[in-house]
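The next block holds one structure in the form of structure tokens; read it before the comments.
Bear in mind that the values in this text are calculations on the coordinates, not laboratory data. The structure displayed is predicted, hence computed values, not measured ones. Neighbour counts run over all protein chains shown; Cβ positions are idealised from the backbone, glycine included.
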Amino acid sequence: MKNDNLQQNQIGDLDIAIIGMSGRFPQAKNLDIFWQNLQKGLESISFFSNQELEALGVDPTTLNDPNYVKANAVLEDIELFDASFFDYSPKTAEIIDPQHRLFLETAWEALESAGYDSKTYKGRISVYGSASISSYFLFNLFSNSELIKLVGLDQIRHHNRTDNLTTRVAYKLDLKGSAITIQTGCSSSLVAVHLACQSLIDRECDLVLAGGVSVTTLQKTGYSYQEGGILSPDGHCRAFDAKAQGTVGGNGVGIVILKRLADAIADGDYIHAVIKGSAINNDGSAKIGYTAPSIDGQAKVIAEALAISRIEPDMVSYVEAHGTGTVLGDPIEIAALTKSFRARTQKKNFCAIGSVKTNIGHLDTASGVASLIKTVLALKHKQIPPSLHFEQPNPQIDFANNPFYVNDKLSEWKSNGHPRRAGVSSFGIGGTNAHVILEEAPVREQGEHTSTTLSNRGRQGRKYQLLVLSAKTESALQAATANLANHLKQHPDLNLADVAYTLGIGRRAFVHRRMVVCQDIEDAIKVLEAKDPQRVLTHYQEPGELEVVFMFPGQGSQSVAMGRELYQTEPIFREQVDDCCEQLKHILELDLRTILYPCEEQTQWATEQLTQTHITQPALFVVEYALAQLWLAKGVCPSAMIGHSIGEYVAACLAGVFSLEDALMLVAKRGQLMQQLPSGAMLAVALPERKVIPILGAKLCIAAINAPERCVVSGLSSEIEDLQNCLTQQGVDCRLLRTSHAFHSQMMDSIIEPFKSLLAKVNLNPPKIPFLSNVTGTWITTKEATDNSYWVKHLRSSVRFADGISELCKQPNRIFLEVGFGCTLSTLTKQQSQGQLVLCSIGHPHNQQSDVAFLLNTLGNLWLYGIQVDWSSLYAHEKRYRLPLPTYPFERKRYWVESTKVNELNQLQNKQINHLEDESQDLFFDSHQNNILKLGSRGEKYDNFLQKIVNKQIAVMFQQLDILEKDM
């Protein structure tokens, strides 16, 4: 998505990025649907028939009351919850306030939408939130005496206390920052956003969840309209319209994820929008009553937010108003906005206004975050949704002469030469006001938006990507797979590397796991939908610690171009190969890279060179060492190692027995010494050691015991040829190996002393990682590892690889990983393993498979079986971006305690609804005569009218309070 070639936004120290969002609103189970509803101008208010309400227990007398309004903004499925996901028992889930349950699920979704796993994130995460009074506690639990006897009132209170809202999230998501519940009436959730921003600015934390929830238990019910109250007589909210008479109650939940903008850009976060500044204040006592709003208070908070943002009012082109659609509230809000804007500009009709309450009703404590999310979506899509039901302006609002106009149609949001900016207001009963200034997400170089992925232009990345998915149940994993495939189909322009990065680094790994290696978005969709078992690998991994064993092959596994693609695409592998080859130059008197990765015309020459022992051995060491470092960087660390002949030098070097410099010297000199010896031969024989020994003459030795039924015989070429002919005649499988000399035989005796002299120059250290000895076939001891004579024996003795594998297989929770070229050791290990996973790093050239694809498949398999992968390291040398991808597919079930007196409680809630709503909403009338006069010359006419409303409202409130107290 381009950003109209706007100038780069200025990044300030106070700028806060919104990097994740999640929410559920009436007729919108997610934010995509919410935005579509807003675009279409859909009113998400439900109107009920008498039959529907009668079925729910509403008294017919109530239904026939002309003041009973059969409408509400319904939030579907509030009784559903994925209790098992959050490790709640069904009984506990039933007594938790549905608001808490919704807020908890939304918090998880919001973090995943931002691409963060709270378990692996290294910074501090805080949570600020708000909730309405628990009607579930009042009407469903407290009235159930049997439940109270069974569970206990303390437990019920504990799971329904408003102040436990955020600490529950902190506990379940393992958040270590602040967990603070905010209660300032219907400004609560926007106040939570402000305080979250302050926490980031003060560096108390690095990531913050902020939002609110408001859900009443009786969703499909109407309410009693009372003249002068906040609720609409017909179920419609007509903000700023001449016919406006109030709002309608709503239900919903919303959470945003906030981060310092500079950090978000540095970390490659998806930035939805930027908070340039925010402010909160209180009206104080200079007003007619506690519930009354104040023009001065609202104007000051807006002016303060603008000042903090360092943004002029005429650069704000949209304001999402509190906009409850009351006769007096709307004029006062516009008067306050006008006052704050007029202090800096005299321009007229340049700023659109709207109110999401016309779409979804008044969400009480969640109204502020609903307004914020609507505005962020509008900034992202560069469209201003219509504010509904606006036909004629409220006669007390002089739109012709103020900076504002009501946006009553879906409109393109033009930039006017500077970034799009908006204000969001939320005002709470008791006078706590909040205002936030938003700006669209900043522009990256060459016009690329931070919320879009970069193409591969200018980048050298892998041709293949590893996609990983996991869930707590098999069915949820299937849903997650389908959701990802559908998302990729809907967004074919996504960068697959960014998708893979987000799935790896931004999701928690659960027991049901799935992985696939693919080349591009089209390939990913095809494979995910087909679920080809050859490419889509799935595994259920029981919780438990698994260990990885590194296996390093010996001579005979070499080949020109081994790991060439890794050298081209994996910086860590390339850096290690380059470092080793530079150190070897003065010993080998050539650059080993010209042999490992020759140009096409030198391939034949390089192949011949690689058959020479003095080249083969250092080449194998370099590739295996670099490959081991690549695995270590990806988080795959061995608990044990085993090497085959020269491979044990790689294991010893990684364990710290040799320094890299000394290891390279020893391996190179060792190869040179062997190169000077007379040629010999080696024969692989399909017989156990006990059957091979009797057929050996004085000039042959067992060089290696590779498996219980596999040995290698070493010696003079003529002797080996005779043995081969004899065994072939007996029908014994045997074959000559690709070697130039008879290693691990008496033909090595003449170089023992020279090699011993080399060892004397080397400092040997105790091993830091356990590894198996080729000489003994069991764990090497510190004494052996640090004794020169051991490494002399290693040169001459039989390689007891089979014994080493047998020892390793005694522990069942081990994964064997061959760290080298080909799968020779893996094949041998599978003959002895007891069902353990055995993997290779790079396939044989005969497979004609991409090195990168093969490596990623192995990495994916390691992850499938429970090995923790360092995903950030996997992309450490690439600039990757987090993307909003489908979040966890919760498997919700019904957890609900029915009210024991449905009909009575319906009636009671209808009687109380004005009181309960008003306790968290403004009544929008003013106190001071001078404030009323600010409405214009007509303000005086409303002075007496206001007082009448106040007196009537106070009488109604006291009457309702008496009813509530008697009932409770």
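Take every Cα pair under 8 Å whose residues are at least 6 apart in sequence, average their separation, divide by the length of the chain, and the relative contact order is 16 percent.
Past 30 Å, Cα to Cα, is the threshold; run 669/699; 259/463; 40/414; 119/783; 380/893; 276/414 against it and keep the listed order. It would help to have the intermediate numbers written out before the result.
Numbers: 669/699 26 Å; 259/463 32 Å; 40/414 19 Å; 119/783 41 Å; 380/893 34 Å; 276/414 19 Å.
Distance filter (> 30 Å) returns 259/463; 119/783; 380/893.
Rounded to the nearest 20 debye, the dipole size of the chain about its Cα centre is 500 debye, using +1 on the Cβ of Lys and Arg and -1 on the Cβ of Asp and Glu. The HN-Hα couplings worked out from phi for the range 107-117 by the Karplus form 6.51 cos²θ - 1.76 cosθ + 1.60 (θ = phi - 60°) are 4, 4, 4, 5, 4, 5, 5, 7, x, 10, 10 Hz, whole numbers, x standing for Gly and Pro.
In this structure the amide hydrogen of residue 124, modeled in the peptide plane, comes within under 5 Å of the amide hydrogens of 206, 207, none closer than 5 places in sequence on its chain.
For every other residue with a beta carbon closer than 13 angstrom to the beta carbon of residue 582, add +1 if it is Lys or Arg and -1 if Asp or Glu, then tell me the sum. Summing Lys/Arg as +1 and Asp/Glu as -1 gives -2. What separates the Cα centres of the range 182-261 and the range 528-553 is a distance of 46 Å.
In this structure the amide hydrogen of residue 186, modeled in the peptide plane, comes within under 5 Å of the amide hydrogens of 429, 921, none closer than 5 places in sequence on its chain. Near the amide H of residue 411, within less than 5 Å, lie the amide hydrogens of 384, all on another chain or at least 5 residues away, with H placed in the peptide plane. The phi torsions of the range 386-403, fed into the Karplus equation with coefficients 6.51, -1.76 and 1.60 and a -60° offset, translate into couplings of x, 8, 7, 6, 9, 10, 10, x, 3, x, 8, 10, 8, 4, 5, 10, 10, x Hz, rounded to whole numbers, with Gly and Pro shown as x. Using +1 at the C-beta of Lys and Arg and -1 at the C-beta of Asp and Glu, which of 554, 583, 509 has the Cα lying farthest in the positive direction of the dipole of the range 497-650? Among 554, 583, 509, the one farthest towards the positive end of the dipole of the range 497-650 is 509.
Quick one: net charge of residue 421's neighbours, Cβ under 9 Å, K/R +1, D/E -1? If you can, show how the numbers build up before the last one.
Numbers: positive: 276, 420; negative: 439, 440.
Once all neighbours under 9 Å are counted, the net charge is 0.
Based on Cα contacts under 8 Å between residues 6+ apart, the range 681-738 shows a relative contact order of 45 percent.
By other beta-carbon atoms within 10 Å, ranking 508, 710 with the fewest at the front produces 508, 710.
Rounded if a/c is under 1.5, else prolate if a/b beats b/c, else oblate: with a ≥ b ≥ c from the C-alpha gyration tensor eigenvalues square-rooted, which is the chain? Intermediate values should be presented prior to the final figure.
Details: a/c = 3.43, a/b = 2.47, b/c = 1.39.
Judged from the Cα gyration tensor, the chain comes out prolate (a/c at least 1.5, a/b above b/c).
Dividing the summed -39500 (n - 2.57) terms of all DSSP H runs of n ≥ 4 by the residue count of the chain sets its mean residue ellipticity at 222 nm at -11500 deg cm²/dmol.
For the range 681-738, what class follows from the C-alpha gyration tensor (a ≥ b ≥ c being the square roots of its eigenvalues): rounded when a/c is under 1.5, otherwise prolate if a/b is larger than b/c, else oblate? Rounded, because the longest to shortest axis ratio a/c is under 1.5. The local environment of residue 565, defined by Cβ-Cβ distances under 10 Å, has a net charge of +1 under the rule Lys, Arg +1 and Asp, Glu -1. A protection proxy built from the mean count of other Cβ atoms within 10 Å ranks the segments 479-487, 51-59, most packed first, as 479-487, 51-59. Only loop residues by DSSP count here, and only those with at most 16 other Cβ atoms within 10 Å; note down the trypsin sites (Lys or Arg not before Pro) in the range 290-374 that meet that. Qualifying residues, ordered by number: 310, 344, 347, 348.
So if I place +1 on the C-beta of Lys and Arg and -1 on the C-beta of Asp and Glu, and nothing else carries charge, what would the dipole magnitude of the range 681-738 be about its Cα centre? I want it in debye, nearest 20. Don't skip to the answer; put the middle values down first.
Values: 6 positive and 6 negative charges, 25 e Å.
With Lys and Arg at +1 and Asp and Glu at -1, about 120 debye.
In the range 681-738, a dipole from Cβ-located charges (positive for Lys and Arg, negative for Asp and Glu) runs towards its positive end, and of 700, 718, 729 it is 700 whose Cα lies farthest in that direction. Of the GluC sites (Glu not before Pro) found in the range 314-411, the ones in coil according to DSSP and having at most 16 other Cβ atoms within 10 Å of their Cβ are 391. Mind running the shape call on the range 8-137? Use the C-alpha gyration tensor, a ≥ b ≥ c as the square roots of the eigenvalues: rounded below 1.5 for a/c, prolate if a/b tops b/c, oblate otherwise. Taking the square roots of the gyration eigenvalues as a ≥ b ≥ c, the range 8-137 is oblate.
In terms of the mean number of neighbouring beta-carbon atoms within 10 Å, the peptides 99-105, 653-659, 362-368 order highest first as 362-368, 99-105, 653-659. Net charge dipole, the range 728-785: roughly 220 debye, given to the nearest 20, about the Cα centre with Cβ charges of +1 for Lys and Arg and -1 for Asp and Glu. Taking the Cα atoms only, what angle lies between the long axis of helix 295-309 and the longest principal axis of the chain, rounded to 10 degrees? Approximately 30 degrees, to the nearest ten. Among the GluC sites (Glu not before Pro) within the range 459-547, those in coil by DSSP and having at most 11 neighbouring Cβ atoms inside 10 Å are 545. Couplings 3J(HN,Hα) for the range 591-604, derived from phi with the Karplus relation 6.51 cos²θ - 1.76 cosθ + 1.60 (θ = phi - 60°), are 8, 4, 5, 5, 8, 5, 10, x, 6, 4, 6, 9, 4, 4 Hz, where x marks Gly and Pro. Each of 840, 827, 863 was scored by the projection of its Cα onto the charge dipole of the range 782-863, and the greatest displacement toward the positive side belongs to 827; charges sit on the C-beta of Lys, Arg, Asp and Glu.
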